[in-house]
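One structure is given below, encoded as structure tokens.
Nothing in this text is a laboratory measurement; each read-out follows from the coordinates by a stated rule. These numbers come from a predicted model, not from an experiment.
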Amino acid sequence: MNATMNAKNHFDITVLAGDGIGTEVTPVCLDILQAACDKIGGFSIAFHAFDSGAAHYKKTGVSLPAEALAHAFKSDATLLACMGMPSIRYPDGREIAPQLELREKMDLFAGVRPVKTMPGIPLPLEDARGKKLDFVMVRESTEGLFASRGNYRIEGEGDKEAAYDTQKISRKGCERVFEFAFRLARQRKTQGHKGLVTCVDKANVLGSFYYMRQIFDEVSKKHTDLEANHIYVDAAALQLVRQPWIFDVMVTENMFGDILSDLCAGLMGGMGMAPSADIGEHNAVFQPCHGSAPDIMGQGKANPTAMFLSGAMMLEWIGFKHNHPAVLAAADLLNRAIVQAYASGTILPVELGGNDGTAAITAKVMASLVSL
């Protein structure tokens with residue numbers, strides 16, 4: 001189907017640069033995205049930026065303005081850089097985290113963390129056969145231990161005083177994230193991957209995880225063309241260091257996914273190489289896994305690669321959602337440009353011991369994109 005045959009050929013993107021290095025990696029990412037889309041043609045894309053985050057909270061008392069949230073709901077996707085500063089907190093001591101509010105209010109239940117290593121950079125691990133890593137961590141993003149965020153309770157007095165956070169694992173939450181994981185595995189299988197979904201839990205200790213595992217087994221029976229297995233979270237951490245290439249699609253609870261996805265970012269070389277998406281039934285937010293990095297803000301050292309890769313994920317999601325070949329082609333072009341730039345061996349981000357910061361990496365990716 002040609003792009004001109006699509007009912008929708010214009011896409012509006014909500015942009016939330018947020019805090020710290022977010023204001024540095026966002027503008028260059030928008031330039032890269034626009035260049036990729038213009039080169040493919042057949043559709044248009046518009047970016048609509050809103051202030052939000054810790055710095056905005058400090059000025060206004062609001063971390064996520066109502067107009068930004070409303071626009072995110074009606075736009076085709078949201079591109080978010082990073083939010084939060086350790087020095088700026090809510091009165092109860094929590095860090096400012098509007099990205100969590102977006103997940104909750106937009107019901108973005110599937111946190112997708114691709115783990116795909118880049119050529120041309122030093123890596124802590126890769127397959128003994130020289131094969132690069134390429135698997136996906138899917139994190140349930142609305143429940144788990146995070147469900148009690150902001151609603152913990154303290155009971156008792158003196159030496160009997162204790163604080164409680166309550167984990168929530170529901171049938172609905174499990175079924176929809178497991179279905180998502182199996183659909184993703186099926187899509188990856190057509191691209192030559194294993195077609196394997198691994199449930200990461202702690203079913204040998206906690207009843208809520210045994211409940212989760214039972215639902216996983218129920219859902220797996222609907223997908224007999226795919227493989228399914230289980231692993232305890234501690235064993236998963238071991239295998240992610242020992243032989244991460246055994247995984248294809250991993251799916252797990254919110255807190256476990258939060259922790260293991262950072263381990264996965266380490267396998268890729270660092271947080272600056274790790275993209276992510278939070279996807280719901282109708283909306284999606286795309287953002288790099290890194291934080292606002294106040295220690296390097298304003299120094300030009302930030303690695304924009306994760307932001308570029310998150311932007312490519314956004315285009316791919318929009319393209320699949322609207323069955324739009326041109327948008328999918330733009331996503332593919334951007335991904336190939338990033339890989340080609342790194343494969344040249346001329347990029348080594350500051351976080352990996354090199355000298356390339358935001359401007360240098362952007363220039364090399366842009367040159368690669370133009371040459372393709």
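Taking the DSSP bridge list for the range 123-268 and keeping only pairs wholly inside it, about 20 percent are antiparallel. Fully extending the segment from PHE73 to ALA359, taken as 0.36 nm per residue of separation minus the present Cα-Cα distance, adds 99.8 nm.
Counting 0.36 nm for each residue step from ALA162 to ASN323 and taking away their Cα separation leaves a gain of 52.7 nm.
Note: relative contact order over the chain, using C-alpha pairs below 8 Å and six or more positions apart, is 22 percent.
Distant-in-sequence amide contacts of PHE11, defined by a placed amide H-H separation under 5 Å and a gap of 5 or more residues or a different chain, comprise SER44, ILE45, ALA46.
The per residue volume of the convex hull around the alpha-carbon atoms of the range 123-268 is 129 Å³. Provide, in order from the shortest bin, the percent of all Cα-Cα pairs of the range 225-372 in each 10 Å bin, continuing until the bin that contains the maximum pair distance. Taking all Cα pairs of the range 225-372, the binned fractions are 10, 33, 36, 20, 2, 0 percent. For the residue pairs LYS8/LYS39; LYS116/LYS172; LYS168/LYS321; LYS8/LYS222; LYS74/LYS321; LYS8/LYS74, the C-alpha atoms sit more than 21 angstrom apart in LYS116/LYS172; LYS168/LYS321; LYS8/LYS222.
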